[in-house]
Amino acid sequence: MAWHGPLANRNFRLFWFSLVLSNTGVWLQIVAQGWLMLELTDSAGFLGLMGFCRAVPLLALSPLAGVVVDRLELRRLLYVTQAIALLLAALLGTLTVVGAVRPWHILVITALDAANLAFDQPGRHTLVPSLVGEERLVSALSLNAAAFHGSAIGGPSLAGVLIHLIGISGCFLLNAASYLVFIVALAMLVVPPRRRQTAARSMRGELGAGVRHIFRQPMVVPLLTCSAALNTFGRAYQLLMPVFARDILRVGAQGLGFLMAAPGLGTVLAATLLSGSVGGKRRGPMVVGSMALFGGLVILFAGSRHLSFSLLALVGIGTLYNTFGSVTNALLQTSVSSEYRGRVLSFYTMSQMGLYQLGGLAIGLLADLIGAPVAVALGGASILVVLGGLMPQARRLWKVP
């Protein structure tokens, strides 16, 4: 079979397919964990609290993680992070099997998993240029995002079925097993050596150098600001999806799987577009335009009371999110020196993962007061307000080729 684009590279192909399988397992756990928490607590606020437990470790540890990523050999770091993720998924599955799981167990395991993710996420992003080179970076990062979000096509739908067939615990244990695949694939990669920071400076000194480097690059701060705004205000719909499935659209656990899968289909569509000629065109307008359209579609999804329209809106949301994230990630990586990539991408992880969870807590608590649809719509509107307030930065981004 003839492979094209980044997948023509044997190393990236091996990395990517193992990531797809592992991330399918992650989506099994995401859906099952949200459903389990809703069953145990019957509270949208607790779903938001899960987001808070993810946010705190990500925000606290991501700057330190960036220094670690720039110091260590990436494959060894990923061995450790994948093994920890495996053990945490197995623990949650075991607690559920024996009937001992409580809401606080879910919250603690969620926090530990997020602490691990603070190191894993920038490590995986930093590894990609070593596999494909900068000329194919946008396409590779889009495929990388599709490996996670695109796995939502099969993972959540499968979770909706498996919850009925093998129970919530089975989803957790299958996720634990899926991490083994990625660990084996890592062992098979041939990764060229990269230029790394020495340990001559203290961790604090290296972190300070990374922050100074960020502010010396004219594009980095606007990109991180846009990412922070979109992820803080616009992605709470994911955390509240169990509420939309059960209480708004009334489609149950299986319907929840379809709702969670729809954005994944959109990310695959975006990956297809970005792997072609579209990926090399006017990256600045792609960032600004996808951010504005994303906010608008979130508002439309929040107002929908029909499953078919909700699914269409979510496909569009997924397409725009992958477009925004992939182009932003590529611009960040090509705007900074290679020895600082881990630290810069750790701040991107904070905006992408940590602030998303923190915003989810606020909107989850707000949903308990005014309802999930209104809370999510306010989040989408906030993106548009912030983008308007960032007009000088948006104009600067618009001019980026």
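Here are the criteria: (1) modelled with pLDDT under 85; (2) over 17 Å from Phe294 (Cα atoms); (3) buried (at least 17 other Cβ atoms within 10 Å of the Cβ). Tell me which single one Pro392 does not satisfy.
For Pro392, the exception is condition (3).
Please enumerate the residues belonging to the stretch 8-44 that are over 21 Å from the mean Cα position of the chain (by Cα), assigned to a helix (DSSP H, G or I), surrounded by fewer than 17 Cβ atoms within 10 Å (Cβ to Cβ) and not polar (S, T, N, Q).
Ala8, Arg10, Glu39, Leu40
From the set of residues in the stretch 333-382 that are touching a Pro at 6+ places or on another chain (Cβ under 9 Å) and aliphatic (A, V, I, L, M), which is modelled with the highest pLDDT?
For the stretch 333-382, the residue satisfying everything is Ala367.
Which one is surrounded by the most Cβ atoms within 10 Å (Cβ to Cβ) among residues in the stretch 289-306 that are closer than 23 Å to Leu223 by Cα, small (Gly, Ala, Ser) and touching a residue at least 40 places away in the same chain (Cβ under 8 Å)?
This residue is Gly295.
What is the one condition in (1) free of Cβ contacts under 8 Å to residues at least 60 places away in the same chain; (2) within 30 Å of Gly99 (Cβ to Cβ); (3) hydrophobic (A, V, I, L, M, F, W, C) that Phe215 does not satisfy?
(2)
Filter the stretch 344-394 for residues that are of a type in the set (Val, Ile, Thr) and touching a residue at least 12 places away in the same chain (Cβ under 8 Å) and give the result. Can you show your working first?
Residues of the stretch 344-394 that are of a type in the set (Val, Ile, Thr), as a first pass: 344, 349, 363, 370, 374, 376, 383, 385-386.
Listed by number, the residues that qualify are Val344, Thr349, Ile363, Val374, Val376, Ile383, Val386.
Which is crowded, with 23+ Cβ neighbours inside 10 Å and over 20 Å from Tyr321 (Cα atoms), of Gly123, Gly99? Walk me through how you get there before you give the answer.
Numbers: Gly99 fails: crowded, with 23+ Cβ neighbours inside 10 Å.
The match here is Gly123.
Taking the stretch 96-144 only, how many residues are free of Cβ contacts under 8 Å to residues at least 24 places away in the same chain and in a helix (DSSP H, G or I)? It would help to see each step written out before you state the result.
The first filter runs over the stretch 96-144 and keeps only residues free of Cβ contacts under 8 Å to residues at least 24 places away in the same chain, leaving 98-100, 104-105, 109, 133, 135.
Still in the running and in a helix (DSSP H, G or I): 104-105, 109, 135.
Residues flagged as free of Cβ contacts under 8 Å to residues at least 24 places away in the same chain and in a helix (DSSP H, G or I) within the stretch 96-144 amount to 4.
The values are calculated or read from the model by the stated rules, or taken from the named source; none is laboratory data. Since this is a predicted model, take the numbers as computed values, not measurements. Quick reminder, even Gly has a Cβ in these numbers, built from the backbone with ideal geometry, and neighbours come from all protein chains shown.
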